[in-house]
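Everything on this sheet refers to the single structure shown next.
Just so you know, all these numbers are worked out from the coordinates, no wet-lab data involved. It should be emphasised that the depicted structure is a prediction, and the values quoted were computed from it without experimental measurement. Every residue, glycine as well, gets a Cβ built from its backbone with ideal geometry; the counts of neighbours run over all protein chains shown.
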Amino acid sequence: MDAQKEIDTRGLNCPLPILKAKKALADMQSGDILKVVATDPGSVRDFQAFARQTGNELVEQSSANDEFTHFLRRR
């Protein structure tokens with residue numbers, strides 16, 4: 001999936017990946033895609049809740065090699 005912006009939150013635990021994603025999304029245009037790479041297993045659940053609460057769309061989530069990738073579409 002093509003993303004307009006990517007942030008690396010490897011090694012950071014909750015709530016830092018969410019806070020960094022929120023800051024990145026604020027600088028993006030409506031409809032843009034943000035890719036977030038994280039190592040915190042809790043980020044899967046955290047980004048699902050973040051999307052519900054903010055109205056941004058969680059387009060895709062995947063995991064491989066102890067890394068979790070989240071794609072969010074800016075509302």
Note the angle between two axes, namely the Cα long axis of helix 43-54 and the longest principal axis of the Cα atoms of the chain, as a number of degrees from 0 to 90, rounded to the nearest 10.
-> 20
Rg/Rh over Cα atoms for the chain, Kirkwood Rh, comes to 0.91
HN-Hα couplings for the stretch 59-75 via Karplus (6.51, -1.76, 1.60; θ = phi - 60°), in whole Hz with x for Gly/Pro, come out as 6, 7, 9, 8, 9, 6, 6, 6, 10, 10, 10, 10, 10, 10, 9, 5, 6
Label-point gap, in nm, between Ser63 and Met1 - each point 7 angstrom along Cα→Cβ | 1.7
Within the set Leu34, Leu19, Leu58, GNM on the chain using Cα springs under 10 Å gives the largest fluctuation to Leu19
Quickly estimate the mean residue ellipticity at 222 nm for the chain, helices only: each DSSP H run with n ≥ 4 gives -39500 (n - 2.57), and the total goes over all residues, rounded to 500.
-> -9500 deg cm²/dmol
